[in-house]
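The values are calculated or read from the model by the stated rules, or taken from the named source; none is laboratory data. Just so it is clear, the structure is predicted and the values come from calculations on it, not from any experiment. Please note: Cβ atoms are built from the backbone with ideal geometry, for glycine as well, and neighbour counts cover all protein chains shown.
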Amino acid sequence: MEKELVNTVLEKEFNELSSNERIALNDYCTSEEEFEQLKMVFQSVESLKKSETIQPRIETKNSLDDIFAQKHGQKPRAIWYNSALVVLYPTEKAFVKRPLVQIAAVALLLLLAYPVVNSTKIQDQSETQLAEVKVEKENVKPTTAKTSSPEVTSTLVEPAIEPTVQTRTAEMEALSEDMMVAAPEMAFEEYRSEPEAVFAAVPAIAERPDGIYTGSSTVTFSQPASAQPQVFDLLTSTF
Amino acid sequence: MKIFRAQHNTFTDEELMQAISKGDKRAFDELYNRYAAALLRYFMRMLWKDREKSEDFVHDLFAKIVNKPEYFDPTRSFKTWVYSVANNMCKNEYKKAEVRKGMSNGLDNHYALSDTSVNVMNEVQDSFFQEAFVKNLAELDDKHKEAFSLRHIEGLSIKEIAEVLEINEGTVKSRLFYATKYLAESLKEFNPIENR
């Protein structure tokens, strides 16, 4: 019996059959009673097909896999992710319905969304920071006004060193006289040991007897003016 | 990833067989997914609802496909070939059963099996009507049962059934006609018009 004829039996009632259909079914049924019996057979077949959900056992497949591996010399690799992939990447499902694909899609979306979210967050943060700075400035203004008062400034500002006007006192004069007396006794080398102590530089150029150091000399030392009588004379004549 | 691999689910059965002969495991998995359940149900129907035996037969058939893929003629339809192999396996089992029956003490060998088959049917079928149909189908003689199963349950064409059973198409039609009439007659008691 052709498929179309079976469908006709399943879908139609005996009264609804056309003359052509009745002729085609003539071998199987001539009366409504026989037609109904035929319909029951095909209905049973359909329900049998739907109800038969039996599947082969997994052991059967495993055994066949072993046979295949023996035949073709390739043992299926026992890798941990194979079992995970069965769940995460089931091949029988549509590509978009596989959990691994869905997870990857979500991860990708998060990755793409992160810079956008982060930039707005940074903007918010900078705005709040700006606001905080403004508030701080507003809070700081009155205090600066206070510090501008003479009392506070005196505490903050280092005490100004008053320029001491060195006057040639009597003591100093006595001291210089002592130095002048002691100077000839002092060895020239002694001063070399203390190059840092600069009192009056030796003129590097003979034309500058005023003691101004020009900086071209590699070794600089100082010595009392008494060691250079001509300079001493010049000094004394100046004062 | 399927993007980079051959998509075996788009292969024909015959292409899969060629791939299996070259040792393609995924081709074998695909072919198994296509036919294992259908063949198990076919064996269940043909072998008195014996689940263990049916599982063994499915295993043996696929083992044959793995070990001797050259037995398959690529010019033929795989579906026809696999059902003809399955049918031959059932016929051999019938012969063995006949021998066992002749050597037995008169008890029906399938008594216990048919008893369990009732339980299986009860699980599968909800109504007496469907139960009766399955019972009558099982009671149908083998050559009519196989023709009816292949045509109406497995969905093979008359030509394919003729190839599977190695008979001419006229004989297939004749067997189908007889089986349909027999089943329709056996369900007479459930006919609503008859019971009016």
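The C-beta contact set for segment B:36-47 (first residue on the phi > 0 side of the Ramachandran plot, second residue modelled with pLDDT of 85 or more, distance under 6 angstrom, 6+ apart or interchain) is empty.
Evaluation of A:Asp66 against the conditions (1) at pLDDT below 85; (2) acidic (Asp, Glu); (3) under 21 Å from B:Arg34 (Cα atoms) shows that the sole unmet condition is (1). Within the option set A:Thr91, A:Thr30, being farther than 30 Å from B:Ser149 by Cβ, hydroxyl-bearing (Ser, Thr, Tyr) and not in a helix (DSSP H, G or I) holds for one residue only, A:Thr91. Checked against (1) surrounded by 10 or more Cβ atoms within 10 Å (Cβ to Cβ); (2) modelled with pLDDT under 80; (3) of a type in the set (Val, Ile, Thr), A:Thr164 passes all but condition (1).
Which of the following residues is modelled with pLDDT under 90, surrounded by fewer than 22 Cβ atoms within 10 Å (Cβ to Cβ) and either facing chain A (nearest Cβ under 9 Å) or within 13 Å of the chain's Cα centre (by Cα) (or both): B:Arg51, B:Arg5? Criteria check complete, one pass: B:Arg51. Pairs linking a residue in segment B:17-29 that is on the phi < 0 side of the Ramachandran plot and polar (S, T, N, Q) to a residue that is modelled with pLDDT under 90 and crowded, with 16+ Cβ neighbours inside 10 Å, with Cβ atoms under 6 Å and 6 or more positions apart or on different chains, are B:Ser21/B:Pro69. A count restricted to segment B:126-157 and to residues that are free of Cβ contacts under 8 Å to residues at least 40 places away in the same chain and within 18 Å of A:Leu38 (Cβ to Cβ) stands at 7.
Please indicate, with yes or no, whether at least one residue in segment B:67-80 is hydrophobic (A, V, I, L, M, F, W, C) and modelled with pLDDT of 80 or more. Looking through segment B:67-80, at least one residue is hydrophobic (A, V, I, L, M, F, W, C) and modelled with pLDDT of 80 or more. Of the residues making up segment B:70-86, just one is within 14 Å of B:Leu16 (Cβ to Cβ) and polar (S, T, N, Q), namely B:Ser77. Of all the listed residues (B:Val82, B:Val66), the sole one being part of a helix (DSSP H, G or I) and more than 10 Å from chain A (Cβ to nearest Cβ) is B:Val82. The residue list A:Thr91, A:Thr30 contains one member that is modelled with pLDDT under 85, more than 30 Å from B:Glu185 (Cα to Cα) and surrounded by 11 or more Cβ atoms within 10 Å (Cβ to Cβ), which is A:Thr91.
Summed over segment B:27-37, the residues that are more than 9 Å from every other protein chain (Cβ to nearest Cβ) and within 16 Å of the chain's Cα centre (by Cα) give a count of 2.
Given the criteria at pLDDT 85 or above and within 9 Å of chain B (Cβ to nearest Cβ), does A:Gln55 qualify? The answer is yes for A:Gln55. Only one entry of A:Ala94, A:Ala69, A:Ala104 meets the criterion of being more than 30 Å from B:Glu52 (Cβ to Cβ), over 36 Å from the mean Cα position of the chain (by Cα) and within 14 Å of chain B (Cβ to nearest Cβ), and that entry is A:Ala94. Among the residues of segment B:118-135, those that are modelled with pLDDT of 50 or more and surrounded by 18 or more Cβ atoms within 10 Å (Cβ to Cβ) comprise B:Gln130, B:Ala132, B:Phe133, B:Val134. Please verify whether segment B:19-31 includes one or more residues that are closer than 24 Å to B:Ala138 by Cβ, at pLDDT 90 or above and out of contact with any Lys or Arg (no Cβ under 8 Å at 6 or more places or on another chain). Checked segment B:19-31: no residue is closer than 24 Å to B:Ala138 by Cβ, at pLDDT 90 or above and out of contact with any Lys or Arg (no Cβ under 8 Å at 6 or more places or on another chain).
Checking every residue in segment A:35-49 against the condition of being closer than 14 Å to B:Ala184 by Cβ, touching an Asp or Glu at 6+ places or on another chain (Cβ under 9 Å), at the interface with another protein chain (Cβ under 8 Å from one of its Cβ atoms) and assigned to a helix (DSSP H, G or I) gives at least one match. Checking A:Arg77 against (1) loosely packed, with under 10 Cβ neighbours inside 10 Å; (2) within 14 Å of another protein chain (Cβ to nearest Cβ); (3) modelled with pLDDT of 85 or more, which test does it fail? Failed condition: (3).
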